[in-house]
Structures are given as C-alpha cells and as structure tokens.
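Colleague: One structure, as structure tokens, below. Some questions next.
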Amino acid sequence: MAMQLQDAGIHSFTIYERSDGVGGTWRDNTYPGAACDVPSHLYSFSFAPKTDWTRKFAEQPEILGYFESLIDSHGLRPHLRFDAEVTSATWSDDDQSWGLTLADGERVTADVVVSGLGQLNRPNIPEIPGLEDFEGTLFHSARWDHDHDLRGERVAVIGIGASAIQFVPRVAAQARQLTLFQRSVNYVAPKPDRAYRQWERWLLDHVPPLQRAYRASIYWRFEARFALMRKGNRIGALMQDRFGKELGKLVSSKLPREALIPDYTPGCRRILIANDWYPTLLRPDVEVVTDDVTEITEHSIRTAHGGEFDVDTIIFGTGFRSTEFLSPLRITGRDGIDLNEVWADGAHAYLGVAVAGFPNLFMLYGPNTNLGHNSILFMIEQQVAWIRSLLVDMMRDDSSSAEVTDLAMRRYDDKIRAAAERTVWAEDCNSWYKTDSGRITNNWPDYTVRYRRRMRHRVPGDLRLTTRPERPAGPESTPESRPARVSR
Ligand code: NAP
C-alpha cells in the first residue's frame, strides 16, 4: 500500500507497527521448517517481483528478507513507526477524520485509515483446564522459543494444521518422544519442492519475459484449483477415494484410520503439502492421539477417554483467532457505531475493503478475501489498487470522505454468503475459515480473476462521497500538498 501511495504521488502517510520490524506473519512465524505453500515466484508483488528465489517453495527467512528489502529499496523507512500499537480509532464526522490512540496514550489524526492487520496475527491458545499449572515449557508455534532445547525431551504438540505439518518433522528429529494431539485429520499432498539449479536461477533472474511467463503459469495452474472448492465436484470425490486407498495401506494398530484418513471433502480445510509428514507419523518415537485433550496437569496431558501422557514441553499448533479480524482494536464509526457490534454475527465488508458507517476506513486482507487455492498477495494487490484509485480520485475531486452505502454492502454480502454456501468450506469440518456458528467469514468464494474484475472498476452509487466545503482561493493544491495522512 505504501509503495503504491508513493507511486501515486501521495507521500504524507505513516505506517504504525506494533512490533519492532516489518514482515507480519513472516516475522512472527520462525518455527523450524516454516515455509510458504505457494510457489516462490508467485509470492512477491507483481510491481516489485523477486526473481532470484533459491527454491520452488521459499522458506521463512528468504520471504522475510524479501519484505524487509522493500523498505529501503522503496524509501519507506521514514514512514515507519515501530513499537507503535494502535488501540482505537474513532471517526469524527465534524472533522471528517479519524482520531487514533496508541498504546502509550499518544493521539494522532488521520484523514484515511488503511488496516493491514492480516487474518492470522493473534495466536489461539485454547483454554484447557490446568494450563496454568503446567510446570514444563509451553509455547505457541507463532512464538517459538528458540532458546529452549528440545533434544531428549518428551514433547507434545496440540493442534495439527498447516504450521504443525511443517515443524513436527523437525521436532521429531530432536525429541526423545513426540505425542501429537490431532483433533482433525488433514489431507497432506506431496510437495513438489527443490532448490533451483544455478542455470534456472540465472535465467529467471536475467530474462524478465521468462520469469513473467513462469509466474503466470504458476498463477493459472493454481487458479484452476478453485474447481476443487466447489461443492459436489468430481475431482474432490476422486481425490478422497484415492487418499482413502493409499493411506489405508498405512493403517495399523499404532496408526488407526481416524489418525490418517480425513472423513470430509478435500478443500473443506486447507489442503496441506509435505513430503515428510507420513514418514514422521511412522517413526517409533511418534504417537498420534485423536482423543480430545481435556486437562493439563503439572507434568502431563489428560484426554477424554482416560489417557494420561507425561510431557516436558507442550507446543501449541492451534492456529490463530482468525475470525476476529480487527480485534482487539476498538473502532468507532459514524454516530458512535462500534465495528464489533456491526460484526457481532461475523465479519463482513464490501469487497473485503469497506464497511458502511465507517467512512475512510479501508482494509487489506479483510473479510472474505482469503484463499484456499491461490496466492494471497494477488488479492492484496487488487485491494491496494482499488484503495489507491479511490484516494487519487478523492484528492482530485476534493472529497473529504468515501463510505460504502448500507444497501451496496448488504447486496454484496448476500451474494458472498450464497456463493460461500456453494463451496466445500460449508461442509462438515472444522476450519479457521468460519465462525463457531458456521458463517464463512474468511474466504473469497470464487476464482481470483473474478475478484480482480470486480475490483477494477468502482460501481457508481455504491460509494457515497462527501465533498469538502469550498476552500479559500490559494495556490492550486497537489496530492503532495494535501493533508492525506494514511495509516496502516
Ligand atoms: P490451523 O490450520 O488453524 O490449525 C490449527 C489446528 O489446531 C487445527 O487442526 C485445530 O483442530 C487444532 N486445534 C485447535 N484447538 C484445539 C484444541 N483445543 N485441541 C486440539 N486441537 C486443537 O492453524 P495453523 O496450522 O497455524 O495454520 C493457520 C493458517 O496459517 C494456515 O491454514 C495457512 O493459511 C497459514 N499458514 C500458511 C503456511 C504456508 O505455507 N503458506 C504455513 C503455515 C501456516 P480443529 O480443526 O479440529 O479445530
């Protein structure tokens, strides 16, 4: 967003960041084996591509390095404020601006606020009775304790999803005994990963049309996978059958069917990729427990059917509080409405970027913009382009605020909910894509090309623009001279 604002000639913005560095999820998740399951060449911005990736699926340090490199290559450092947590934002209709409060009490004013909080930034640690009594070491995958040595320990992992699938094989190689508390089984497909050869890297780095064609081929291959997300699709049924047969061969008294074979349609939960997952499950020092965790004691974990497992360290792979979106930020819009109240039945937003009653507040990676089949960076680029174009028009027309109408937002949401019901995500499985009541708040329920088409042009009448009162005559204002303070 910052790069695109600069490109549009808008320089009066500040980026507030709670932590002391950039990178968000790629900064927080440093667990062993952390990597992206979207191919590297699709995992950079089209307007700032990285062309020298070292492997097909980049690991966390290389991805973080890419995001960090953009700060200086695009002169963003003067705009960044680290250790600056925004705790509340309140809209003033009189001033046509947002008042932000920071954790240290500082107050700032902004004409426009863009949130870039992501969907997966607040670790979820379940409230298990006795948790606070545990005397061993305990941490969440997104807050990895690198000072703690797991060698020779009895380690438990609670929660097996995309993160656990990556760190469990590494932990298994160190621990004396590893117990996996797996409530839901995942589909784990092979990962076509390898390091690029020298000559491949050279070509991709030095022949831009080749790199672009390669990137496009990845995009379209991934885009086609949305077919798998449609309810009742044939490919899903075939895949389920194939998995059942193949994994059936691994079933034993140590690894029962319920520990291996998913009982839901592929795609309902994110399909995972790894080559070392099943070999890890087959290790003699690894045990899979499918019984629910009910209690934690000073030195053990107890389960629903009377099991008790002595452990030294517990690692939570229990994901994030994904459906809470902008929480715990308190956001108050026009006429004092609270965003939490608007979202009481589940977060929703027009195009995933705007909410009626909250003028000049725009979101990146907001409700219903996550994907189960393609790169999230593509979606974020569409949102950034939409916001940029709106801001440029507002400045040109001297508009003080833009707000989506209630009707446009409701119409949009009805369509999204109906489309989401037609996907496999609505079927019977647990996933972070939906709220406890089953509302799918996180995913975009269509091909990403359709999102791009929808984001290309603003629909007349969907947004209400307020014009600034006449200003006294003076030098013609330019985007540079306007007070557009954009926070992210
Ligand atoms: P996740 O996919 O939400 O998995 C969390 C797991 O914890 C689920 O299997 C859940 O089981 C389980 N769980 C939650 N509470 C539990 C409890 N009380 N007892 C037992 N199990 C419990 O979280 P994640 O693995 O951190 O991944 C989150 C997302 O991050 C991914 O889907 C992905 O989008 C992203 N991610 C991406 C990559 C990448 O390569 N791009 C890598 C890592 C993560 P239930 O499902 O039964 O609730």
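Colleague: Within the range 393-415, is there a residue that is more than 16 Å from the ligand (Cβ to nearest atom), surrounded by fewer than 16 Cβ atoms within 10 Å (Cβ to Cβ) and on the phi > 0 side of the Ramachandran plot?
Modeller: yes
Colleague: Which of the residues that make up the range 258-317 are open to solvent by less than 20 Å² (accessible area, probe 1.4 Å) and closer than 19 Å to Pro32 by Cβ?
Modeller: Of everything in the range 258-317, those that are open to solvent by less than 20 Å² (accessible area, probe 1.4 Å) and closer than 19 Å to Pro32 by Cβ turn out to be Leu272, Ala274, Trp277, Thr280, Leu281, Val286, Val311, Thr313, Ile314, Ile315, Phe316, Gly317.
Colleague: Then there is this: Out of curiosity, is Phe325 crowded, with 17+ Cβ neighbours inside 10 Å, within 16 Å of the ligand (Cβ to nearest atom), over 26 Å from Trp91 (Cα atoms) and not acidic (Asp, Glu)?
Modeller: no
Colleague: Condition first: touching a Ser or Thr at 6+ places or on another chain (Cβ under 8 Å), surrounded by 13 or more Cβ atoms within 10 Å (Cβ to Cβ), closer than 21 Å to Asn430 by Cβ and not assigned by TED's automatic domain parsing to the domain that holds Val424. Can you find one or more residues in the range 241-256 that meet it?
Modeller: No, there is no match, as no residue in the range 241-256 is touching a Ser or Thr at 6+ places or on another chain (Cβ under 8 Å), surrounded by 13 or more Cβ atoms within 10 Å (Cβ to Cβ), closer than 21 Å to Asn430 by Cβ and not assigned by TED's automatic domain parsing to the domain that holds Val424.
Colleague: Quick check on my filter: what residues within the range 337-358 are farther than 9 Å from Met409 by Cβ, open to solvent by 10 Å² or more (accessible area, probe 1.4 Å) and of a type outside the set (D, E, K, R)?
Modeller: Ile337, Asn340, Val342, Trp343, Ala344
Colleague: Of everything in the range 134-154, what is away from the ligand (no atom under 15 Å from the Cβ) and either under 17 Å from Ala34 (Cβ atoms) or open to solvent by 40 Å² or more (accessible area, probe 1.4 Å) (or both)? Give them in sequence order.
Modeller: Of everything in the range 134-154, those that are away from the ligand (no atom under 15 Å from the Cβ) and either under 17 Å from Ala34 (Cβ atoms) or open to solvent by 40 Å² or more (accessible area, probe 1.4 Å) (or both) turn out to be Glu135, Asp145, His146, Asp147, His148, Asp149, Leu150, Arg151, Gly152, Arg154.
Let's see how each residue does on (1) modelled with pLDDT of 95 or more; (2) in the same structural domain as Glu135 (by TED's automatic domain parsing); (3) within 16 Å of the ligand (Cβ to nearest atom):
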residue: Leu282; (1), (2), (3): yes, yes, no
residue: Val288; (1), (2), (3): yes, yes, yes
residue: Thr294; (1), (2), (3): yes, yes, yes
residue: Val311; (1), (2), (3): yes, yes, yes
residue: Ile337; (1), (2), (3): yes, no, no
residue: His348; (1), (2), (3): yes, no, no
residue: Pro359; (1), (2), (3): yes, no, no
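Colleague: Something else now. When you scan the range 159-171, do you find a residue that is part of a strand (DSSP E or B) and either within 9 Å of the ligand (Cβ to nearest atom) or surrounded by fewer than 21 Cβ atoms within 10 Å (Cβ to Cβ) (or both), even just one?
Modeller: The answer is no; no qualifying residue exists.
One line per residue, one yes/no per condition, for (1) touching a helix residue (DSSP H, G or I) at 6+ places or on another chain (Cβ under 7 Å); (2) within 11 Å of the ligand (Cβ to nearest atom):
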residue: Arg257; (1), (2): no, no
residue: Leu260; (1), (2): yes, no
residue: Pro266; (1), (2): yes, no
residue: Ile271; (1), (2): no, yes
residue: Ala274; (1), (2): yes, yes
residue: Pro279; (1), (2): no, no
residue: Thr297; (1), (2): yes, no
residue: Gly307; (1), (2): no, no
residue: Arg321; (1), (2): no, yes
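Colleague: Turning to a different aspect of this structure: With the requirement that a residue be within 21 Å of Met363 (Cβ to Cβ) and hydroxyl-bearing (Ser, Thr, Tyr), what does the range 1-42 give you?
Modeller: Scanning the range 1-42 gives Ser12, Thr14, Tyr16, Ser19, Thr25.
Colleague: Give me the residue from the range 424-460 that is within 19 Å of Ala354 (Cα to Cα) and of a type in the set (A, V, I, L, M, F, W, C) and, out of that set, most open to solvent (accessible area, probe 1.4 Å).
Modeller: The residue in question is Val459.
Colleague: Quick check on the range 172-208: of everything there that is among the aliphatic types (A, V, I, L, M), farther than 30 Å from Arg302 by Cα and in contact (Cβ under 8 Å) with a residue 24 or more places away in the chain, which residue is farthest from the ligand (Cβ to nearest atom)?
Modeller: Only one residue fits best here, namely Leu204.
Colleague: Shifting gears a bit: Taking the conditions exactly as written (touching a residue at least 60 places away in the same chain (Cβ under 8 Å), in a helix (DSSP H, G or I), touching a helix residue (DSSP H, G or I) at 6+ places or on another chain (Cβ under 8 Å) and open to solvent by less than 20 Å² (accessible area, probe 1.4 Å)), does Leu70 satisfy them or not?
Modeller: So Leu70 passes the test.
Colleague: Could you tell me which of the residues Gly23, Gly33 is in contact with a helix residue (DSSP H, G or I) (Cβ under 9 Å, 6 or more places away or on another chain), within 12 Å of the ligand (Cβ to nearest atom) and assigned to a loop (DSSP other than H, G, I, E, B)?
Modeller: Result: Gly33 is the single residue among Gly23, Gly33 that is in contact with a helix residue (DSSP H, G or I) (Cβ under 9 Å, 6 or more places away or on another chain), within 12 Å of the ligand (Cβ to nearest atom) and assigned to a loop (DSSP other than H, G, I, E, B).
Colleague: If you check Glu421 against the conditions, is it open to solvent by 20 Å² or more (accessible area, probe 1.4 Å), within 14 Å of the ligand (Cβ to nearest atom) and at pLDDT 95 or above?
Modeller: No, not satisfied.
Colleague: Right, next: Counting only residues that are free of Cβ contacts under 8 Å to residues at least 24 places away in the same chain and within 16 Å of the ligand (Cβ to nearest atom), how many does the range 107-133 have?
Modeller: 2
Colleague: Out of curiosity, is Asp94 open to solvent by 30 Å² or more (accessible area, probe 1.4 Å) and without any contact (Cβ under 8 Å) to a residue 24 or more places away in the chain?
Modeller: Here the answer is yes, as Asp94 does meet what is asked.
The values are calculated or read from the model by the stated rules, or taken from the named source; none is laboratory data. This structure is a prediction, so every number in the text was calculated from the model and none was measured. Please note: Cβ atoms are built from the backbone with ideal geometry, for glycine as well, and neighbour counts cover all protein chains shown. Ligands, DNA and RNA are excluded from the accessible area calculation, which covers all protein heavy atoms including side chains. Shrake-Rupley method; radii C 1.70, N 1.55, O 1.52, S 1.80 Å.
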